[in-house]
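The values are calculated or read from the model by the stated rules, or taken from the named source; none is laboratory data. Computed from a predicted model, the values in this text were never measured in an experiment. Here Cβ is always computed from backbone atoms with ideal geometry, including for glycine, and neighbour counts include all displayed protein chains.
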Amino acid sequence: MHRILTGPLTIESVTVAIAGLPDRLQGTTLVHLSDLHYDGFRLSETLLQQAIAATNRANPDLILLTGDYVTDDPEPIHDLAQRLQSLSSRAGIYAVLGNHDLCYRHSQTQITQALTAIGIQVLWNQIAYPLGADIALVGLADMWSREFNPQSLLSQLPLQLPRIVLSHNPDSAVPLQAWRVDLQLSGHTHGGQVVIPGLGTISQWLDPVRRKVPKSLRRGLPLMRKCHKVVQHWEWAQGLHRIGDHTLYVNRGLGTYFPGRLFCPPEVTVITLTGKPTPDAWGAPMANNRDVALAVNPSCGAIKSM
Ligand SMILES: [Fe+2]
């Protein structure tokens, strides 16, 4: 996608406080990248190289990737992996997959193998400890897949243990309310792509209008597509959000869908971790709520999705 339609790469810097962060991890630098959509059209080589250079300039302790490496055909993952080999981080690179990485039956295997071959650890319902045993990194299956199952992972972790959760779709912050999550990193929304300053994403504003238009008329009208199927919570389309006790960061991504971005540039996120006291209530085990409704949608083949 041409720079005129994407806007310039933006480096966002945020500090996130994590309860009980070990002293030795004060000031840890994470770099978060998402939604590359490397398919020959939606991400230019120039923007990709800028993002890789910006990531390395941040001198990260850990690089975290939250999915949608390709758009439909998984084949471009091999060329993308070659380019991602130049990423450099002290404690490694960890990734989860997005809905677009699951489009074909062979997509998940092909993408996982290509990333693993260059040393990127792909977490699919797995827990890793790249920063040491005293902070967990949880990588979830995509929320729209049948294997999205945070219960099986998060119930294994002692409540006192700080954890960062990678989950492509920010709507997963709703079911994740049932567990301790210090920091959730997501993408998927591309920030909404078209943003009205001071008002939010255009999708957020169109949804209430769309609901008032009779179904029979929607197909024939521009912008009447069901954007709420991309996410339920457009209000979390980008940036830092506090949801209950849980901090969510949503990256605007690097790839761009037609017709382009407006006031919503592609992003590399540099996150600095800092500590804060652990709440007394976390001295006792937290209830695991199995009754939280999961807004599970069909995979990307069935609906138009970011
Ligand atoms: Fe996505």
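Picking from residues in the stretch 139-180 that are within 16 Å of the ligand (Cβ to nearest atom) and either of a type in the set (Ser, Thr, Tyr) or at pLDDT below 95 (or both), the one that is nearest to residue 122 (Cα to Cα) is 167.
Mind telling me which of the residues 11, 18, 77 ends up being surrounded by 18 or more Cβ atoms within 10 Å (Cβ to Cβ) and either within 17 Å of the chain's Cα centre (by Cα) or closer than 25 Å to residue 248 by Cβ (or both)?
Details: 11 fails: surrounded by 18 or more Cβ atoms within 10 Å (Cβ to Cβ); 77 fails: either within 17 Å of the chain's Cα centre (by Cα) or closer than 25 Å to residue 248 by Cβ (or both).
Selected residue: 18, the only one of 11, 18, 77 that is surrounded by 18 or more Cβ atoms within 10 Å (Cβ to Cβ) and either within 17 Å of the chain's Cα centre (by Cα) or closer than 25 Å to residue 248 by Cβ (or both).
You will find that of 109, 71, 66, the residue that is closer than 23 Å to residue 25 by Cα and either buried (at least 18 other Cβ atoms within 10 Å of the Cβ) or of a type in the set (Val, Ile, Thr) (or both) is 66 and no other.
Identify all residues within the stretch 30-54 that are at positive phi and surrounded by fewer than 19 Cβ atoms within 10 Å (Cβ to Cβ); write none if there are none. Give the derivation first.
Taking the stretch 30-54 and keeping what is at positive phi, we get 35, 37, 40.
Of everything in the stretch 30-54, just one residue is at positive phi and surrounded by fewer than 19 Cβ atoms within 10 Å (Cβ to Cβ), namely 40.
Of the residues 113, 160, the single one that is among the polar types (S, T, N, Q) and more than 30 Å from residue 79 (Cα to Cα) is 160. Among all residues of the stretch 124-131, there is at least one that is touching an Asp or Glu at 6+ places or on another chain (Cβ under 8 Å) and more than 20 Å from residue 278 (Cβ to Cβ).
If you take just the strands (runs of 3 or more DSSP E) that sit entirely in the stretch 113-218, which of them hold at least 2 residues that are under 16 Å from the mean Cα position of the chain (by Cα)? Don't jump to the end; show me each part of the working.
On the way: elements: 120-122, 126-128, 136-139, 163-166, 183-186.
In the stretch 113-218, the matching strands (runs of 3 or more DSSP E) lie at 120-122, 136-139, 163-166, 183-186.
Residue 95 meets the stated requirement of being within 20 Å of the chain's Cα centre (by Cα), among the small types (Gly, Ala, Ser), under 18 Å from residue 138 (Cβ atoms) and crowded, with 20+ Cβ neighbours inside 10 Å. When each of 292, 270 is tested for being hydrophobic (A, V, I, L, M, F, W, C), at pLDDT below 95 and surrounded by 11 or more Cβ atoms within 10 Å (Cβ to Cβ), the lone residue that passes is 292. Taken across the stretch 9-27, residues that are polar (S, T, N, Q), over 20 Å from residue 138 (Cα atoms), in a helix (DSSP H, G or I) and more than 16 Å from the ligand (Cβ to nearest atom) do not occur at all.
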